[in-house]
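What follows is calculated from the coordinates using simple rules that are stated; it is not laboratory data. Computed from a predicted model, the values in this text were never measured in an experiment. Every residue, glycine as well, gets a Cβ built from its backbone with ideal geometry; the counts of neighbours run over all protein chains shown.
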């Protein structure tokens with residue numbers, strides 16, 4: 001078996017750079033997960049900021065280290081803010097991450113996601129149904145749940161990566177990261193992560209933080225999958241119920257270090 | 001003493017069906033409690049989704065299993081979304097729950113709640129002051145707190161249930177569920193539940209989940225009161241302080257099973 | 001060393017009055033921290049309410065015990081609500097607190113904060129960069145982080161206090177409260193408080209609650225700094241990781257009592 005295209009050493013370096021540089025992630029994200037997303041970034045060592053007014057969002061996207069665009073509770077003002085923030089981030093050469101929550105079954109966000117896709121996100125993170133729909137194919141999503149397996153979305157993911165020139169992270173029981181040619185499988189993570197709202201959305205914010213210090217979008221995608229996945233693995237050893245698991249997940253992100261990554265990572 | 005009109009066996013069956021079917025609850029709810037509401041639904045075994053854009057809210061209300069309308073932080077766009085989502089849910093024969101937060105002292109939400117009441121919610125959940133005000137009577141509410149006892153609201157609750165053809169759940173030290181004729185008292189629950197924001201609002205979401213699998217709105221109301229109440233009872237045995245109590249409440253919802261319900265339920 | 005102008009006895013009396021009177025704090029605050037802010041108020045013994053519609057916000061500001069204006073995720077509707085709620089609170093002689101989150105680097109909120117400053121907040125709470133910018137001086141803020149020390153902001157704080165006739169609380173490793181003449185230093189608190197989103201924002205809500213029962217805005221500022229700081233100190237003895245620390249912070253607020261304050265307070 002060949003070594004994965006992104007090495008564990010690179011993931012470790014990304015974690016250490018996030019801890020040293022505290023990248024400031026501008027999160028234009030959904031209303032359900034803002035608090036948890038901010039706490040995930042802080043627990044990892046990054047810094048969150050949510051700036052919603054369209055004028056300020058444009059202004060701030062140039063100042064922040066990275067931008068997250070999550071369409072989970074899209075409304076007209078937030079679409080306007082995103083349409084201002086994305087070009088601003090691009091112009092300032094700041095990475096931006098697209099999380100196409102529930103794209104596919106819902107009309108407005110699907111059109112909107114296709115529209116902003118042309119502005120070439122550095123990284124796209126979604127479940128299989130969302131990635132398939134974003135690539136213009138037909139999926140089986142139901143709200144935020146995926147009706148498709150991650151494996152079934154690999155071709156769509158590659159297509160999107162080639163189209164944007166960035167990376168795509170397809171999440172599922174195994175997460176797959178691709179830049180259109182290489183595919184890296186990240187097998188960390190635990191089913192309890194689906195019993196806490198916003199774990200996937202927060203992973204998008206972590207991916208944005210990783211983009212600011214990674215050598216490539218693909219490495220950032222692998223790092224986001226691995227860091228969140230290992231934190232989930234550690235948390236599931238502390239608690240098997242969702243309330244205490246959520247707290248343990250934050251504590252575990254704080255606890256991550258090179259030796260834990262060396263012991264726990266499942267990259268291939 | 002006659003047996004309560006909704007049996008404990010029916011509540012147990014509702015829990016088991018929620019766990020088996022994972023009903024997807026579309027929550028148009030207030031900004032304070034979105035995250036906690038989603039986590040309560042996930043802990044119980046249901047699935048949450050928040051879709052806020054009016055066009056998408058109408059689209060999604062027909063796809064989801066049930067709709068929750070909570071007026072706690074009503075603004076113009078959310079009112080528009082609710083006015084689109086409710087008829088869509090009704091047309092698709094999906095149950096919807098109205099939580100008239102702080103109706104009474106505040107003008108706009110009071111008018112709005114009276115307006116949507118004509119679209120006949122399957123279930124109404126509120127404290128005594130809210131139920132009294134929604135029925136057009138005079139209460140003593142102060143924001144989200146009730147100045148009235150649940151007992152004082154029973155006539156208002158019956159009136160509303162007969163008017164809508166659904167059920168009403170009046171919450172307080174004892175919760176009362178009525179379909180306009182029968183009244184079931186649910187005596188589970190703990191005062192610490194009032195020290196965590198959103199426990200009542202999340203109960204509305206649980207009620208919506210229960211409506212999707214119950215034989216009657218009354219049974220769904222009794223199940224929502226009993227399931228949340230017992231989870232609160234269990235959590236108060238784990239912690240007597242609000243931060244750790246909130247976490248224990250989520251863990252307890254996950255832990256609920258038939259034997260716990262048989263041991264703990266206080267229905268009459 | 002002279003005794004601080006606000007005595008520990010007065011802080012203790014404020015805590016006891018909050019617990020007895022449960023002041024209702026109307027929070028017009030940012031989307032990231034609404035849930036946590038509400039839980040902090042409840043844990044302390046106060047009561048939260050978030051009312052967002054401009055008409056209702058004006059109506060409610062006269063009914064509530066105090067108003068919090070936090071500009072963290074300002075948008076047009078929330079600015080409209082604030083512009084209605086502040087005069088309503090002033091007219092009803094209810095205290096209001098301004099938290100100028102990220103004022104300085106972001107244009108709209110900076111103009112807006114200067115505009116509402118003329119309506120004389122009872123208390124202003126911010127980090128050093130925000131206080132310096134609000135006073136019209138030049139700071140070094142980066143989003144919500146302060147690039148300046150609290151000590152560097154003391155002159156700006158005094159200027160603002162004299163201008164408004166209220167108190168200013170500058171937060172940092174040591175918090176400083178001033179009414180324009182006296183300065184009280186509050187040395188409680190722990191670095192982990194910066195690893196949980198919204199601790200500072202929630203302190204603004206606590207300050208609003210304290211204003212309703214304090215003999216002066218300065219005393220309310222000292223109480224807010226001391227109560228949150230000691231809760232942080234206690235929580236850091238329970239946990240050194242951010243997820244469990246956040247929960248312990250809420251539990252510690254609930255646990256505060258006169259004997260703990262006598263033992264822990266660091267006022268000078």
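Observations on the structure shown:
- With 0.36 nm allotted per residue and the present C-alpha distance subtracted, the residue C:107-residue C:20 stretch has 27.2 nm of extension available.
- For segment B:61-137, convex hull of alpha carbons as volume per residue, Å³: 77
- Cα centroid separation - segment B:161-188 against segment C:33-96, whole Å: 32
- Here r is the Cβ-Cβ distance between residue A:264 and residue C:138 and R0 is 41 Å; the resulting FRET efficiency, rounded to 0.05, is 0.30.
- Across the identical copies, the 7 Å label point of residue B:266, projected outward along Cα→Cβ, sits 4.5, 4.5 nm from its counterparts, in ascending order.
- Segment A:90-232: C-alpha gyration tensor shape, a/c 1.5 cut-off, then a/b vs b/c: rounded
- Antiparallel bridge percentage (DSSP; both residues within chain B; nearest 5): 30
- Computed log₁₀ I(q)/I(0) - Debye formula, equal Cα scatterers, no solvent, chain B, q 0.07, 0.11 Å⁻¹: -0.20, -0.51
- Exercise: per-residue mean of other protein chain Cβ atoms within 10 Å, C:40-51: 5
- Convex hull volume of segment B:1-138 per residue (C-alpha atoms, cubic angstrom): 126
- Summary for residue A:182: label point 7 Å along Cα→Cβ; distances to the equivalent points in the other copies, ascending, 6.4, 6.4 nm.
- Placing a label point 7 Å from Cα along the Cα-to-Cβ direction at residue C:137 gives distances to the equivalent points in the other copies of 6.0, 6.0 nm, listed shortest first.
- Listed peptides C:241-249, B:119-127 by packing density, highest first (mean Cβ within 10 Å): B:119-127, C:241-249
- Sorting the segments C:160-167, A:106-113 by their mean number of nearby beta carbons within 10 angstrom, highest to lowest, gives C:160-167, A:106-113.
- Segment C:41-94: Rg to Rh, with Rh as the Kirkwood radius over Cα pairs: 0.98
- Helical contribution to [θ] at 222 nm, DSSP H n ≥ 4, -39,500 (n - 2.57), averaged over chain A, rounded to 500: -16000 deg cm²/dmol
- Cα gyration tensor shape of segment B:167-243, rounded if a/c is under 1.5, else prolate or oblate by comparing a/b with b/c: prolate
- Counting only DSSP beta bridges whose two residues both lie in the protein assembly as shown, roughly 30 percent are antiparallel.
- Segment C:166-268, relative contact order in percent, only Cα pairs under 8 angstrom and at least six apart counted: 30
- Take every Cα pair under 8 Å whose residues are at least 6 apart in sequence, average their separation, divide by the length of segment A:8-264, and the relative contact order is 20 percent.
- Average beta-carbon neighbours from other chains, 10 Å sphere, peptide B:24-32: 4
- Area projected by the alpha carbon convex hull of the protein assembly as shown, averaged over all directions, nm²: 30.6
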